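The values are calculated or read from the model by the stated rules, or taken from the named source; none is laboratory data. If you're wondering where the values come from, they're calculated on a predicted model, not measured in any experiment. As a convention, Cβ positions derive from the backbone with ideal geometry for all residues, glycine included, and neighbour counts pool all protein chains shown.
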């Protein structure tokens, strides 16, 4: 927390604390929105679609020849990598979140875009961790089978979009220096 000196010479800690609270609330709101959308979509897909192992085709065709809903139980990490140990994958998610925070906390203090991006990453990571704790795997269902080989979910999409926003924000910041 930073302090500032007012015109009469007194130190004003309260105003800076409120600003910091507002920054934190933006991150939290983005994370909660992503988590809610992710968990709702996964609960719906689990209810209406059998897993791909039981059904060798998609559950629902959304856009013919492009997008299907295909329920897949993902016991591995991103892109099927990093093994299948839930404890190791949860630990890795926490480590990555901490690294992202330390890398982008200064930028988050100055940029609403960075705060929203970080909230998207946090919400997506928590969504996948909740799945691992609840099901023992991550529920994936978004299948762009013609253009992308992996099935993914809302959390994965938001993590990817959040990382993209962070990278774009970094490029824009560097360009303006």
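When the residues of segment 24-39 are filtered to those that are in contact (Cβ under 8 Å) with a residue 40 or more places away in the chain and closer than 16 Å to residue 105 by Cβ, the one that is nearest to the chain's Cα centre (by Cα) is 31. Filtered by the rule that a residue be outside any helix (DSSP H, G or I) and buried (at least 18 other Cβ atoms within 10 Å of the Cβ), segment 105-136 gives a lone residue, 111. Answer yes or no as to whether residue 151 is on the phi < 0 side of the Ramachandran plot and in contact with a strand residue (DSSP E or B) (Cβ under 6 Å, 6 or more places away or on another chain). In short, yes.
Test residue 118 against the criterion of being at pLDDT below 95, more than 19 Å from residue 62 (Cα to Cα) and in contact with a helix residue (DSSP H, G or I) (Cβ under 7 Å, 6 or more places away or on another chain), and give yes or no. So residue 118 fits the description; yes. Flag: residue 32 matches the condition of being closer than 16 Å to residue 115 by Cβ and modelled with pLDDT of 95 or more. Scanning segment 137-162 for residues that are touching a helix residue (DSSP H, G or I) at 6+ places or on another chain (Cβ under 7 Å) and surrounded by fewer than 16 Cβ atoms within 10 Å (Cβ to Cβ) yields one hit, 150.
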